[in-house]
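Below: one structure, written as structure tokens.
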Amino acid sequence: MRSTLVSLAAFALLAALPAWAQTSTISPDRIDAVIKSAFPNAPEDFKSRLLPDATMKDCTAHANNPPPAIAEAIQKSEAATIQYPPDGKFLGDWRKGEALAQSGYGLRFSDYPPTRANGGNCYACHQLTRQELSYGTVGPSLLEYGKLRDFKAEDAKTVYEKIYDPHVALACSLMPRFGSNKVLTIDQIKDIVALLMSPDSPVNK
Amino acid sequence: MKPRRMLLAAACIALILPFAAPAQDETEKGLEKYRQMLKEDPWSNPGFLDADRGETLWMTPRGPKNVSLEACDLGKGPGRVDGAFAELPRYFADADRVMDVETRVLWCMATLQGFSREQLTTKPHPAGGQPVKEIGAIATFIASKSNGLAFAAPLGPKEKEMAALGEALFVRRSGPFDFACATCHAEEGRRIRLQGLPVLAQPEAARKVVGEWPGYRVSASHVMTMQHRLYDCYWQMRMPELEFGSEASVALVAYLVKQAQGGPISAPGLKR
């Protein structure tokens, strides 16, 4: 119920945004050329970052508010990218999940060569625990996330999918595709799922 | 989180902790108090030292051609600095490009004084604790000479196209985090951790903040220019290093200034 409300609110907000991209007079070719020359020293393995994939092209073109047919197509194609834990378990270690939620390390041009694992940086955008006051509000509060869902097993699977690829639940979500974009590993995502869904996690205290 | 930002965050939390719930409102109040304290004594802003340094650099004969920048045309005629920043970015026929203040200073230093463009654009921004580079100091001087004026950049066809390009870049999502500028700067009341995010997509919000750049950034102990600010945004977005003076960087400045049109200039500002 609560997640439905949040989704509804998100849709309402998105619908209220102006459709900038649709009114753009600049051709896609010009934009791609300008982006290419803006980052002339991009390392070879960074070059793919400059061009949006099909999903991001659609989301940008529709100001993150795609019409139903396109939203459905995005949900379908993104669902196909999800890899599930080989052991079938969705809950890892919430303590490691908390550390990942705090860490914003990784993938910045100053993070090479990497000195530690990428973080999830969840607190940048979400409230998670009562203890951490330094949290962002770009995404909804996730306080008591598991408790509000009675710690149901199917919700652990759903939240795994949301972290792995949020576009399956909400096409053109603003959240990064942590699994599909190879930001976090399957085990790291399981640790964050545990942070949200374990009864003994500080999220649910 | 960089050590300085952690310190700052810790200081903010220390400020906030004694207050009662609801925590979020109190958090915002605590942060606002901190910002007010920074603004209370504008002459304590160390950014003015860089504006002075920029003025000296502007007037002193330098470079392989040993000339000052007083022949540099910022759009209001050679050497005319007063009010020039308020009318930038603009199209310059001599360079056949729309230029923001930093790109124009780069062009003048390369063309008039004979400095190497390549040297000026390699590591163009200071690391934390280091003073702003020469172009940034000169840009700070130029911007400070439009203080009290409102942004009134010309909006001819070339400038309009540049602002439209900037808008397209502002909403364009890519990179491993699928971020656009609009991801963080299109909705009201949003924060990253405790840092409030200006809604640059809305003119009334843009008018309040765009005129504070270049600004002295307390957490980095140096003046940060608008080009540097955009470079830092792309760093956070997990994109590669934004080229100084690139068309994309100028386009984004043109878009932000168009959004802030009519808003006051108060440079150097004092930032977190």
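The values are calculated or read from the model by the stated rules, or taken from the named source; none is laboratory data. Bear in mind that the values here come from a model prediction, so they are computed numbers and not experimental data. Neighbour counts run over all protein chains shown; Cβ positions are idealised from the backbone, glycine included. What goes into the accessible areas is simple: the full protein's heavy atoms, side chains included, and nothing from ligands, DNA or RNA. Shrake-Rupley method; radii C 1.70, N 1.55, O 1.52, S 1.80 Å.
Tabulated results
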item: Long-range neighbours under 6 Å by Cβ, at least six apart or interchain, first residue open to solvent by less than 30 Å² (accessible area, probe 1.4 Å) within the stretch A:112-135, second of a type in the set (Val, Ile, Thr); result: A:Gly120/A:Ile192; A:Ala124/B:Ile192; A:Leu128/A:Val203; A:Thr129/A:Val203
item: Selection from the stretch A:87-98 of residues that are open to solvent by less than 60 Å² (accessible area, probe 1.4 Å) and in contact (Cβ under 8 Å) with a residue 60 or more places away in the chain; result: A:Phe90, A:Gly92, A:Asp93, A:Trp94, A:Gly97, A:Glu98
item: Qualifying residue in the stretch A:51-73 (condition: of a type in the set (D, E, K, R) and either more than 19 Å from the chain's Cα centre (by Cα) or closer than 25 Å to A:Asp111 by Cα (or both)); result: yes
item: Residue in the stretch A:155-173 that is open to solvent by less than 20 Å² (accessible area, probe 1.4 Å), among the charged types (D, E, K, R) and within 14 Å of chain B (Cβ to nearest Cβ) present; result: yes
item: Residues of the stretch A:174-184 that turn out to be in contact (Cβ under 8 Å) with a residue 24 or more places away in the chain and open to solvent by 40 Å² or more (accessible area, probe 1.4 Å), as a count; result: 2
item: Test: B:Asp52 is assigned to a helix (DSSP H, G or I), open to solvent by 70 Å² or more (accessible area, probe 1.4 Å) and within 24 Å of B:Pro131 (Cα to Cα); result: yes
item: Selection status of A:Asp200, in a helix (DSSP H, G or I), touching a residue at least 12 places away in the same chain (Cβ under 8 Å) and open to solvent by 10 Å² or more (accessible area, probe 1.4 Å); result: no
item: Qualifying residue in the stretch B:126-135 (condition: small (Gly, Ala, Ser) and open to solvent by less than 30 Å² (accessible area, probe 1.4 Å)); result: no
item: Residue in the stretch A:38-55 that is open to solvent by 60 Å² or more (accessible area, probe 1.4 Å), among the small types (Gly, Ala, Ser) and either at pLDDT 95 or above or at positive phi (or both) present; result: yes
item: Among residues of the stretch B:157-168, those that are more than 7 Å from chain A (Cβ to nearest Cβ) and either aliphatic (A, V, I, L, M) or open to solvent by less than 10 Å² (accessible area, probe 1.4 Å) (or both), counted; result: 3
item: Selection from the stretch B:177-221 of residues that are among the acidic types (Asp, Glu), within 20 Å of B:Asp25 (Cα to Cα) and open to solvent by 40 Å² or more (accessible area, probe 1.4 Å); result: B:Glu188
item: Residue in the stretch B:73-85 that is at positive phi and crowded, with 19+ Cβ neighbours inside 10 Å present; result: yes
